[in-house]
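Since the structure comes first, as structure tokens, the remarks are kept for the end.
The values are calculated or read from the model by the stated rules, or taken from the named source; none is laboratory data. Since the structure is predicted, the reported quantities are computational estimates derived from the model, not experimental observations. Positions of Cβ are generated from backbone atoms using ideal geometry, with glycine treated the same way; all protein chains shown enter the neighbour counts. Surface accessibility is based on the protein's heavy atoms, side chains included, excluding ligands, DNA and RNA. Shrake-Rupley method; radii C 1.70, N 1.55, O 1.52, S 1.80 Å.
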Amino acid sequence: MNIKDIRADFPILSDERYIYFDNAATSQRPRQVLEAVDNFYRTTNANPLRGLYEWSIGATEAYENARSRVAEFLNAKDSSEIIFTRNATESLNLVAYSYGLANIHEGDEIVISIMEHHSNILPWQMIARKKGAVLKYLEYDENYEFSDEELSKITDKTKLVAVTYVSNVLGVTNPVKKLADIAHRHGAVIAVDGAQSTPHKKVDVKDIDADFYAFSGHKMLSTMGIGVLYGKRELLDEMPPFLTGGEMIELVTRETSTYAEVPHKFEAGTVNAGDAFGLAAAIDYLENIGFDYIEKQENKLTELALSALKDIPYVTLYGAKESERHSGIVTFNIEGCHPHDVSSVLDSEHVCIRAGHHCAQPLLKYIGVNATARASMYFYNTEEEVERFVDSLKKVRGWLGYK
Ligand code: C6P
């Protein structure tokens, strides 16, 4: 695999002044994805699932083929287990508002982890508040693992476990297969937040035995505005709709309505066929590159960054020591400098990183900081970029008045 050829696929990367290290927030898009979306609107555009003429039928086909492509990508049993949403946040809210409101009752427990993004905290806080349920947090140990004692928080009272596969701050991968097994032994379901795992590793929802799995297209080369919720068919069949209206119905009378079968029951209003088509092209692209290559390249870059930063006395690094446990994410602080200042100084050198609480405030409180800087790399980043990033970082304290 030639990195130059890969980079040539990404129009925005042709401006080599910029180093884009904010891939955990959103990735860049290759021309194959941009062309797929463009092509959809140029050649196939009509309202899908409604019209009885050629263009609309073509739009429906493009949309349903994209669903099958996602099902194959995740190794779902059937394409009806794939629901298109706007993003991971909406997918997790769908589980909470539909499954959670119907199945979680007073005194029941919901177990999440301290590593969760706000999108996998707020929906469960809402359910706990509305239903009188108890929200519990799994806390990790010094090795970024959940001890048996922590895991014993999952009990017969637990109705739902919701955990991120990969943390957006630490990059660490959680043992979701083991968590699914524990949840199931206690009669609970598990919702996996796959926002940071799906772009970086091969995911098999059957192997994990996830009941629900959520992710966003925009973090894995696709355009913004398309996300996925995978759910086991037998659960989805029993769940009430989340949003209503449009083609999610079977029959509507003045007084009442019946609903379409899954997955359409969960897709109210005009669907986002153009971006679903783009997501299928993104999956083709990623699989063509191969997750072995993706993980190897990210690991190489992370190793380089970690080994350079660990020798700088005023830099604090967060997360596991091993580069292969970072999923391309390097989170750090520079003593005496607010991460926003670090990011602004790096911006003046055209280095794009993220700074702040990363929408994971309970995690940052657990770590003992209010904010951090975060560089997140993807397979199209290069060793030269890491070297330039480290050089720029070494200038930050000087810019801010330190000798
Ligand atoms: N994290 C980051 O910079 P949406 O916004 O719905 O596409 O993704 C939400 C989300 C859910 N879970 C995890 C683990 C995430 O990392 C994110 C998004 C971005 O870290 C934006 S805050």
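Below are the figures for this structure:
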item	result
Cα pair count fraction exceeding 25 Å, expressed as % - region 1-157	58
Computed helical MRE - 222 nm, the chain, DSSP H runs ≥ 4 contributing -39500 (n - 2.57), nearest 500	-11000 deg cm²/dmol
Label-to-label distance, nm, for residues given as Val134 and Glu322 (7 Å Cα→Cβ offset)	3.4
Exposure rank, largest accessible area first [Arg354, Arg17; 1.4 Å]	Arg17, Arg354
Whole-number D in µm²/s for region 329-392 (Stokes-Einstein; Kirkwood sum over Cα pairs; 20 °C, 1.002 mPa s)	173
Accessible-area composition of the chain, carbon plus sulfur, in percent [1.4 Å probe]	49
The chain: Rg to Rh, with Rh as the Kirkwood radius over Cα pairs	0.99
Cα-projected label distance for Ala268 with Asn75, points at 7 Å along beta-carbon direction, nm	3.5
Descending Cα extents along the principal axes, region 195-309, whole Å	67, 30, 27
Order by protection proxy (mean Cβ within 10 Å, highest first), peptides 210-222, 148-160, 167-179	210-222, 167-179, 148-160
D_trans [Stokes-Einstein, Kirkwood Rh over alpha-carbon pairs] for region 272-335, 20 °C, 1.002 mPa s, µm² s⁻¹	156
Accessible solvent surface per residue of the chain, calculated while the other protein chains remain in place, 1.4 angstrom probe, Å²	43
